[in-house]
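Peer 1: Please read through the structure below; I'll follow up with questions.
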Amino acid sequence: MPATPFPALFTPRLRLEPLALADAPAIQVLFPQWEIVRFLAPRVPWPYGPDDAEKFIRDVALPAMARGVAWHWSIRPRSGPDALMGVISLMDDPSAAAPRENRGFWLAPQWQRQGLMTEAVEAVNDYWFLTLGRPVIRTEKAVDNAGSVAISRRMGMRLTGTHRRDFLCGRDIPAQKWEMTRAEWLAWKARNRPA
């Protein structure tokens, strides 16, 4: 399989490295926590098996990265880049039956509520709009996923609709659709540029 054709990304506090099979052991330890997975799609295996991180990276993430339809990064602190904190992903698979979202992420609980995911989202939004040249980004999330909803709002996304869908935490859960265009992203960046 060819090497990933996209770079590491940097924020003031983070280093985002293209996901690799070597990340599986750290993900296997961090990811299977109900606080992380409860608002994910039910295609995520639960309970999480002892080799499910390796299977996901080997059989799903790396092939999609090689086809150029997904971009997955591990999230690490710049001060200690060996410590994996979470994962952030962009998806743009035209062959998907009903593509619902272009971005997803998770962060281990001990790293949450510090503004770190906001930094990671800004970096991947730049990659989506400025490097990949995509015109719009869409996400879906459970209404009760307060942290993720707050990030969408903080980053200038628009709420475009509500519906119900299945998550690991249950069936027919209230959900929201969020969207942002490239022009809206550039305007957000201009408004939020440090003085």
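The values are calculated or read from the model by the stated rules, or taken from the named source; none is laboratory data. Since the model is a prediction, treat every value here as computed from it, not as a measurement. Here the Cβ positions follow ideal geometry from the backbone for every residue, glycine too, while neighbour counts run over all protein chains shown. Heavy atoms of the whole protein, side chains included, go into the accessibility calculation; ligands, DNA and RNA do not. Shrake-Rupley method; radii C 1.70, N 1.55, O 1.52, S 1.80 Å.
Peer 1: Go through 103, 153 for me and flag whichever is touching a strand residue (DSSP E or B) at 6+ places or on another chain (Cβ under 7 Å), at pLDDT 95 or above and charged (D, E, K, R).
Peer 2: Matching residue, one of 103, 153: 103.
Peer 1: Cβ-Cβ below 6 Å, separation at least six or inter-chain, first residue in the range 47-66 and farther than 22 Å from residue 103 by Cβ, second open to solvent by less than 20 Å² (accessible area, probe 1.4 Å): which pairs?
Peer 2: What qualifies is 54/24.
Peer 1: Those residues that are in a strand (DSSP E or B), touching a residue at least 12 places away in the same chain (Cβ under 8 Å) and more than 19 Å from residue 120 (Cβ to Cβ), I need them from the range 133-170; list them, please.
Peer 2: 136, 142, 158, 159, 160, 161, 162, 163, 165, 166, 167
Peer 1: Being open to solvent by less than 50 Å² (accessible area, probe 1.4 Å), in contact with a helix residue (DSSP H, G or I) (Cβ under 7 Å, 6 or more places away or on another chain), without any contact (Cβ under 8 Å) to a residue 24 or more places away in the chain and farther than 26 Å from residue 144 by Cα is the requirement here; does residue 70 meet it?
Peer 2: yes
Peer 1: Would you confirm, using the coordinates I've provided, whether residue 3 is within 28 Å of residue 143 (Cβ to Cβ) and either of a type in the set (Ser, Thr, Tyr) or modelled with pLDDT under 95 (or both)?
Peer 2: No.
Peer 1: Okay, next question. Could you please find all residues in the range 173-188 being assigned to a helix (DSSP H, G or I) and touching a residue at least 40 places away in the same chain (Cβ under 8 Å)?
Peer 2: Result: 182, 185, 186.
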